[in-house]
């Protein structure tokens, strides 16, 4: 198993991890199969986007900000209080 550390620089952000995942697979000698990509944090997620149109990323981030999903200053009981996050895609 390979663990990748992905850092974000803003509350809502999409980071293309394709090359990092491909390099991790290559370093393990994987030539065929399925890669299981998992994010164990509640304020992060994985999406599949072919990156053919940069407006798609813009639209997703705009929708997240406009809908306030999740609310930036919600009544959270957990330690993050809605302050952490970032999308990984």
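The values are calculated or read from the model by the stated rules, or taken from the named source; none is laboratory data. As the structure is a prediction and not an experimental result, all values here were calculated from the model. Positions of Cβ are backbone-derived with ideal geometry, glycine not excepted, and every protein chain shown enters the neighbour counts.
Any residue at all in the stretch 51-60 that is under 15 Å from the mean Cα position of the chain (by Cα) and not in a helix (DSSP H, G or I)? Don't jump to the end; show me each part of the working.
Taking the stretch 51-60 and keeping what is under 15 Å from the mean Cα position of the chain (by Cα), we get 51, 56-58, 60.
Filter once more, keeping what is not in a helix (DSSP H, G or I): 51.
Within the stretch 51-60, one or more residues are under 15 Å from the mean Cα position of the chain (by Cα) and not in a helix (DSSP H, G or I).
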Filter the stretch 55-89 down to residues that are within 20 Å of residue 17 (Cβ to Cβ) and modelled with pLDDT under 85 and give me whichever is surrounded by the fewest Cβ atoms within 10 Å (Cβ to Cβ). 84
For the stretch 1-27: of the residues being over 17 Å from the mean Cα position of the chain (by Cα) and loosely packed, with under 10 Cβ neighbours inside 10 Å, which is nearest to residue 77 (Cα to Cα)? 1
